[in-house]
C-alpha cells in the first residue's frame, strides 16, 4: 500500500536515482521496525533445494543489491531467500549513466549497468555487518577488463572470498552488459570454467568443512540445443542449481516503445513467457536431479505459480518489485502454497 502511494513520485525520478532512494527507504523502515523483522520470511510452503531449507519459495534476484549493503532492509519484505551481487574481484564503476530505463507501457526495464559494484571485499564486509540470518545467495562475475579466457581466475577469486559467508553462490555467465560474458555459456568455455570452479569448490569444502551449493545463471536467449548442452555440463560438474533466466537482448515485445532501443538487457513482463519456456526445457533435461530457480517476468502471483508448474523449485523477483512493490512478495508466496 505504501509503495502504491510512493510509486508516482519514484517514477518521476531518474530510474537509477529512484532505485537508490527505494533501497535507502527500506533500510530506514528496517531500522525503525516498520515492517517484518530482518530474517523473518513470510510463512509459506517450505522448500528443500540444494540441500537448504527455504521457508518459502520466493526470493530476491541478484542485481537489486549489488554490494550487499541493503540486506536487512530487503529482508523486511518477507523473502524466503535473498541473493546479492553481482560482485567482481575488483571495484568497477559499470557503464556510463544513464544506464537504467523504464518502459511502463510494457511493465519492462532495460538496464546496461555493467556489473557496477564496490568489489568483493566491500561486499564481504557488508554481509558480515548484516543481521539477516536467512538464506543468502551471493552472485559472482568477472571484471569487465578481464579477458574472457581468464574469466575463471575472477570467479575463483570471488568464490574463495565469499564461500564461508554464503548459503549458496551463483556463477553469473549470462549478463548481456559485460563484453563477451555470454561466450562462457558456449560448450568449450563452459566446460573449462565449471571444471575449474568445481575443483576450487572441492578444495574449499575440504578446507572449511562446509558444503556451499553452486548455481549457474543462464540467459533466456539460448536455443534448445544450447539449453541441453548446459544441462549436460551442470550434471557433469555437480552444479547444485540453475537460475533461469537473466535479461534478454530481444526487443520484439517492446518494439516502437520509448526506451526500447536503449542498449542493454530487457526484463519485466516481456520476458515472462520466454523465461518460463527455458524453465520447462531445463526441467525436461534435468528432472528432479538439479533444482531450477525461475526468474524473469514475475509480475504477479500467477506468474510465480506458472514458473513452479513449469518445473522450477524456487522463484526470484526483481522487475516486478519495481512495478508492484513489496506486496508482490506476499502475493507470490500465497500463490505458490
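The values are calculated or read from the model by the stated rules, or taken from the named source; none is laboratory data. Just so we're clear, the structure is a prediction, and the values are computed from it rather than from any experiment. A quick note on method: Cβ atoms are made from the backbone with ideal geometry, for glycine too, and the neighbour counts reach across all protein chains shown.
Within 23 Å of residue 87 (Cβ to Cβ) and not in a loop (DSSP other than H, G, I, E, B): does that describe residue 253? Criteria not met by residue 253.
Scanning the stretch 39-56 for residues that are touching a helix residue (DSSP H, G or I) at 6+ places or on another chain (Cβ under 7 Å) and either at pLDDT 95 or above or crowded, with 21+ Cβ neighbours inside 10 Å (or both) gives 44, 56.
Conditions tested, residue by residue: (1) over 25 Å from residue 224 (Cα atoms); (2) within 19 Å of the chain's Cα centre (by Cα); (3) surrounded by 23 or more Cβ atoms within 10 Å (Cβ to Cβ).
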| position | (1), (2), (3) |
| --- | --- |
| 289 | no, no, no |
| 297 | no, yes, yes |
| 311 | no, yes, no |
| 322 | yes, yes, yes |
| 333 | yes, yes, yes |
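If you go through the stretch 5-37 and pick out every residue that is in a helix (DSSP H, G or I), within 24 Å of the chain's Cα centre (by Cα) and modelled with pLDDT of 80 or more, you end up with 17. Looking across the stretch 256-287, the residues that are outside any helix (DSSP H, G or I) and either in contact (Cβ under 8 Å) with a residue 24 or more places away in the chain or under 14 Å from residue 49 (Cβ atoms) (or both) come down to 257, 258, 259, 260, 262, 263, 264, 265, 266, 267, 268, 287. Only residues that are assigned to a helix (DSSP H, G or I) and at positive phi were counted in the stretch 288-326, giving 0.
Residues in the stretch 235-248 that are surrounded by fewer than 24 Cβ atoms within 10 Å (Cβ to Cβ) and either closer than 21 Å to residue 188 by Cβ or over 21 Å from the mean Cα position of the chain (by Cα) (or both): 235, 236, 237, 238, 239.
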